[in-house]
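The values are calculated or read from the model by the stated rules, or taken from the named source; none is laboratory data. This is a predicted model, so every value here is computed, not measured. Note that we place each Cβ from the backbone using ideal geometry, even for glycine, and neighbour counts take in every protein chain shown. Heads up: the accessible areas ignore ligands, DNA and RNA and are worked out on the full protein's heavy atoms, side chains in. Shrake-Rupley method; radii C 1.70, N 1.55, O 1.52, S 1.80 Å.
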Amino acid sequence: MTRWLHRLPALVGILLALPAPAQDAAAGAALYSRFCATCHGVEGRGDGPTAAVISVPPVDLGGLAAANGGVFPVARVLRRIDGRDEVLAHGSPMPIYGAFFEAGRKVPVPTDEGEMFVTLPVLAIVRYLETLQR
């Protein structure tokens, strides 16, 4: 364990030098893998291992911008993830891990529909989903 501790200051420096959206996307990738990939699949195509057993097929998350005239719908995606918009496939507001995503302070995020306040985990997942657009 102590073998990597001497590298910690350099790693922190690298992370601080990255733009915030890149940090958000990296954190979002880990959260997505843990909470979303089971249904939406590793690449967000809606083909996760549990997709076949749920009543409403998961959305292809990599095609959100294409389905919205080439613009990633930040506000709509934020509302879906944080539960402001109900998602029928889940039978409840998404995510079903609500307490985890609702905890913590909320930060302002400029969106296509004006400023919204969201928690950091939700923002991180949205930043990651932006990187999946094809």
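For V53 and R134, the difference between the fully extended length at 0.36 nm per residue and the C-alpha to C-alpha distance is 26.5 nm. 3J(HN,Hα) along the stretch 60-77: 6, 6, x, x, 5, 5, 4, 6, 10, x, x, 10, 5, x, 3, 4, 4, 5 Hz, from the Karplus curve 6.51 cos²θ - 1.76 cosθ + 1.60 with θ = phi - 60°, whole Hz, x for Gly and Pro. Sorting the segments 41-48, 123-130, 74-81 by their mean number of nearby beta carbons within 10 angstrom, highest to lowest, gives 123-130, 74-81, 41-48. For M116, the amide hydrogen comes within under 5 Å of the amide hydrogens of V109, T111, counting only partners 5 or more places away or on other chains and with H modelled in the peptide plane.
Each residue was assigned an accessible area with a 1.4 Å probe, and for T38 the value is about 60 Å².
Label sites at A26 and A67, each approximated as a point 7 angstrom past Cα along Cα to Cβ, lie 3.1 nm apart.
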